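Single-structure report; data block below.
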Amino acid sequence: MHKIGITTTVPIEVLLAAGYQPIDLNNVFINDPNPERLVRLAERDGFPLNCCSWIKGIYGVCMQSDIDTVLCVTNGDCSNTVMLMEVLKLKGFKTMPFAYPEEPDVNKMQFALETLAGKSGTTMTEADEVRQELKPVRKLAHALDDLTWQHGLVSGFENHLWLVSSSDFNQDYHKYSDQLQNVITSCRNRSPYPDDMLRIAYIGVPSVYGRDLYHYLEKNGARVVFNEIQRQFTMPRPGSSVAEQYSNYTYPYSIYRRLKDISDELTRRRVDGVIHYVQAFCHRGIGDIIFRDSIKSPIMTIEGNDDFFLNQHNRTRVEAFLDMIMHNRKRLEGNEKLAANK
Ligand code: SF4
């Protein structure tokens, strides 16, 4: 299979049907033993200091790997990708643009998918066959998510890791499926997390902190029961066609669709507090205004740049946030007891 780098979650069914091996460049970047090195490499080549680290990391990965073709999402993800694509062309890469439609319209999505299929040398009939093949794999990711929030058997970080990896299924969906099945089997034999732990939702793009944030939360009596974007990567509402599946995927479209999904899940998962992660220099950070206005649960915004760990300043903020929501929870429980005794 010919390797193809992808800059975010894309209709992987089309690429697999065309005989490509999709590789999510974000995952390669963040799993690198020294991601700072990839950011510095991009800066040495001229990327500005005030450019998002994910873009620089993706560029760094391209420069250091044997990938020669990159699918760049030019609408529905990040405006920086457009210029990244131009720089990659300059460096001799073959680039393939893909644009999510402005709105989640199934007909418009079908047109975008057919264009992509034509460019990559396959058909939507073949892509749909791949969709059928991936269905059980996606179901496993959904099962792991259920074990996280319903049964307390999977940690927030494990949830993040397996869900975020569904953008390219760790480059091999057969292997991903076997490994995830084993993880699920072993998780079922674990003792659940204690019920009194605070339940946290993580919304926003995946962070540069990796496991640090999740572990720090657990150390302080809280656990993540909802990873918003990561869950979206698994296609939780698959619909009945590739076009429908990617129209139901909330990330590329209006923030209000994300908000609806988030609000539903906050209630369903009985969330005590929300952490909104924003990446420095990212346009999506502006959406914080809308989330803060609309989400009724306590919310903390945390911004990361190119420090790949939770620094002391943010640790202190996280502790203060958890104290506040624990206090809230106790007050509410006290009020309920009083009402019941009246
Ligand atoms: S974090 Fe924001 S700026 Fe960075 S790649 Fe993602 S969408 Fe673009």
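At least 3 residues being free of Cβ contacts under 8 Å to residues at least 12 places away in the same chain, over 18 Å from LYS3 (Cβ atoms) and more than 14 Å from the ligand (Cβ to nearest atom) is the threshold, and among the helices (runs of 4 or more DSSP H) wholly inside the stretch 42-128 those reaching it are 106-120. Filtering the stretch 200-215 to residues that are farther than 17 Å from GLY273 by Cβ and either of a type in the set (S, T, N, Q) or in contact (Cβ under 8 Å) with a residue 60 or more places away in the chain (or both) leaves VAL205, PRO206, VAL208, TYR209, GLY210, ASP212. Could you check, for the stretch 146-165, whether at least one of its residues is closer than 22 Å to VAL224 by Cβ, of a type in the set (Asp, Glu) and in a helix (DSSP H, G or I)? Within the stretch 146-165, one or more residues are closer than 22 Å to VAL224 by Cβ, of a type in the set (Asp, Glu) and in a helix (DSSP H, G or I).
Filtered by the rule that a residue be out of contact with any Asp or Glu (no Cβ under 6 Å at 6 or more places or on another chain) and assigned to a strand (DSSP E or B), the stretch 284-339 gives ILE299, MET300, ILE302, GLU303, GLY304. Given the criteria assigned to a helix (DSSP H, G or I), within 13 Å of the ligand (Cβ to nearest atom) and under 23 Å from the mean Cα position of the chain (by Cα), does VAL39 qualify? Answer is yes for this residue. Return yes or no: is LEU163 closer than 18 Å to ARG269 by Cβ, touching a helix residue (DSSP H, G or I) at 6+ places or on another chain (Cβ under 9 Å), surrounded by fewer than 21 Cβ atoms within 10 Å (Cβ to Cβ) and touching a residue at least 12 places away in the same chain (Cβ under 8 Å)? So LEU163 fails the test. Within the stretch 65-99, the set of residues being of a type in the set (Phe, Trp, Tyr) and under 20 Å from THR250 (Cβ atoms) comprises PHE98 only.
For the stretch 228-245, the condition of being touching a strand residue (DSSP E or B) at 6+ places or on another chain (Cβ under 8 Å) and away from the ligand (no atom under 16 Å from the Cβ) holds for none of the residues. Taken together, the criteria exclude GLN179 from residues that are under 18 Å from ARG237 (Cβ atoms) and either modelled with pLDDT of 95 or more or surrounded by fewer than 21 Cβ atoms within 10 Å (Cβ to Cβ) (or both). Pairs linking a residue in the stretch 273-287 that is within 28 Å of ARG329 (Cα to Cα) to a residue that is near the ligand (Cβ under 9 Å from one of its atoms) and not in a strand (DSSP E or B), with Cβ atoms under 7 Å and 6 or more positions apart or on different chains, are TYR277/VAL205; VAL278/ARG284; VAL278/GLY285.
What do you reckon, is LEU266 buried (at least 22 other Cβ atoms within 10 Å of the Cβ) and either away from the ligand (no atom under 16 Å from the Cβ) or assigned to a helix (DSSP H, G or I) (or both)? Judged against the criteria, LEU266 is a match. Of all residues in the stretch 314-328, none satisfies being away from the ligand (no atom under 16 Å from the Cβ), modelled with pLDDT of 95 or more and within 15 Å of ASN227 (Cα to Cα).
If the condition is being over 19 Å from ILE295 (Cβ atoms) and either part of a loop (DSSP other than H, G, I, E, B) or small (Gly, Ala, Ser) (or both), then the stretch 207-235 contributes VAL208, TYR209, GLY210, ASN220, GLY221, THR234, MET235. Looking at the stretch 238-256, I want the residues that are on the phi > 0 side of the Ramachandran plot and have a partner that is at pLDDT 95 or above and of a type outside the set (Val, Ile, Thr) with Cβ atoms under 8 Å, at least 6 apart or on another chain. Which pairs are those? From the stretch 238-256, the pairs are GLY239/GLN245; GLY239/SER247; GLY239/ASN248. In this structure, does ASP178 turn out to be more than 16 Å from VAL242 (Cα to Cα), under 16 Å from the mean Cα position of the chain (by Cα) and acidic (Asp, Glu)? Judged against the criteria, ASP178 is not a match. Out of everything in the stretch 25-36 that is within 12 Å of the ligand (Cβ to nearest atom) and in contact (Cβ under 8 Å) with a residue 60 or more places away in the chain, what residue ends up being nearest to SER207 (Cα to Cα)? Taking the candidates together, the pick is ILE30.
Out of THR81, THR115, THR122, THR95, one residue alone is touching a Cys at 6+ places or on another chain (Cβ under 9 Å), over 18 Å from CYS51 (Cβ atoms) and of a type in the set (Ser, Thr, Tyr). It is THR95.
The values are calculated or read from the model by the stated rules, or taken from the named source; none is laboratory data. These figures come from a predicted structure and were not determined experimentally. Counting neighbours? That spans all protein chains shown, and the Cβs are built from the backbone with ideal geometry, glycine included.
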